[in-house]
1. Explain nothing, just compute: Karplus ³J(HN,Hα) = 6.51 cos²θ - 1.76 cosθ + 1.60, θ = phi - 60°, for every residue of the range 99-114 in order, whole Hz, x for Gly and Pro.
2. Pull out the extension gain between A99 and L26, defined as 0.36 nm times the separation in residues minus the alpha carbon to alpha carbon distance; nm, one decimal.
3. With +1 on each Lys and Arg Cβ and -1 on each Asp and Glu Cβ, how big is the dipole of the chain about its Cα centre, in debye rounded to the nearest 20?
4. Nearest 10 degrees, 0 to 90: what angle lies between the long axis of helix 227-248 and the longest principal axis of the chain (Cα atoms)?
5. Counting other beta carbons within 10 Å of each residue's own, what order do H88, H137 fall into, fewest first?
6. I'd like the FRET efficiency for E236 and A74, computed as 1/(1 + (r/R0)^6) with the beta carbon distance as r and R0 of 35 Å, rounded to 0.05.
7. What distance in nm separates the simple spin-label points at E15 and Q217, each placed 7 Å from Cα in the Cβ direction?
8. For I34, I216, what ranking results if the residue with the fewest other Cβ atoms within 10 Å of its Cβ goes first?
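Every number in this text was worked out from the coordinates using simple rules, so none of it is lab data. Given the structure is predicted, the values throughout are model-derived calculations rather than measurements. Positions of Cβ are generated from backbone atoms using ideal geometry, with glycine treated the same way; all protein chains shown enter the neighbour counts.
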Amino acid sequence: MPTSVVLGTGHCVPERIVTNDDLARLFDTSDAWIRERTGIEQRRWVPDEGGTGGSDLATEAARTALQAAGLGPADVDMIVYATLSPDHFFPGDGCFLQAKLDVPAGVPALDVRNQCSGFLYGLAVTDSFIRSGSYQHVLLVGAEVHSTGLDRSNLGRDVTVLFGDGAAAVVLGANDSGDGRGILATELHADGRHAKVLWTDAPSCVDRGRMTVEQIQARRHFAEMSGRRVFKHAIECMPAALHSVLGKCGLAVADIDLLITHQANLRICEAVQKQLGLRDDQVFNNIMRYGNTTAASIPLALDECVRAGRIRRGSIVAFASFGAGFTWGAAVLRW
Ligand code: COA
């Protein structure tokens, strides 16, 4: 049975940098509060005049990943696209990406809606398709444009300071060589009892017309979050998932060469690192520069590590995520 190996990575973020001081000009917050609570120093936002969707960022990220893999759009035989901020209500962004990137007609495009765990859900699905022999080259993308949906008033400040825009892509391919490289194990979880701890109510198919004036007035189209509950569950679930996924492939925490956790809050990443007893050189964080880019965060960090030469052939690379749903998961690869 083939394994799934990463053939190329890429990312794309908007040029516009939004600092904490920029946010402090929009609502009551401060650089000191945001840094201390979240570790975030800046994030990227698409232009306010509009016109840039996640699929535009994803297209650039995918081009870079394909180039790194030595492949072209015609080599892609499946697209898996993870996002919580699709360009439009429907169809899914996978189809928009397919058209913009010129991936041949007929190639399937699957959209994954698992928020901050979207990349890992997509990775597990991709791995299954590749191991079953269904597809040879899968383009897996995580992309978000959050900035158009952030409440830029005092009422939304707890959420707005956290999120940024960005996209990242990974090309995965079948490895039949038996050299032990590839995805070793994945693990996915959800607990829908917490679905409304971090969510956006509107637009909503349970309401006639899907979006009412009352909903907009009540700001139901902006994300709502109980930050403390998210924090508490994240630092419990990610270490547990990592221990479990490592156990599945006979590895221990000490075998990890590089851990990339979902970049939700630097304090969460540091708490996970501490619980696992990992050294600083075994982890990578870039939330300081991008904020929480949700489905894009793990592949964006991965691409930066690849380009910085932090991953060598044979390295054990682990991922863990936690986010809205609640959903969480982990994966381990031999690079
Ligand atoms: N700037 C300044 N003050 C802010 C603020 C902001 N951006 N956002 C909230 N506050 C205020 C609150 O109003 C509150 O004031 P009060 O004490 O007068 O009521 C105070 O800061 C503390 O709020 P609280 O929500 O208890 O802070 P916290 O220490 O829990 O930090 C988060 C808030 C959001 C940073 C933190 O809970 C967190 O990061 N949680 C995880 C969220 C996350 O990762 N979400 C994405 C998951 S994928």
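1. Those phi angles translate into 5, 5, 8, 6, 6, x, 4, x, 5, x, 10, 9, 9, 10, 10, 10 Hz.
2. Values: separation 73, 0.36 × 73 = 26.28 nm, distance 3.67 nm.
Length difference between fully extended and current span is 22.6 nm.
3. On the way: 32 positive and 38 negative charges, 137 e Å.
Dipole of the chain, to the nearest 20 debye: 660 debye.
4. Taking Cα atoms only, the helix is inclined about 10 degrees.
5. Working: H88 10, H137 20.
With the sparsest Cβ surroundings first, the list reads H88, H137.
6. Working: r = 45 Å, r/R0 = 1.28.
Efficiency computed from Cβ-Cβ geometry: 0.20.
7. In this crude label model, E15 to Q217 measures out at 4.2 nm.
8. Values: I34 22, I216 13.
Listed from fewest to most nearby Cβ atoms, that is I216, I34.
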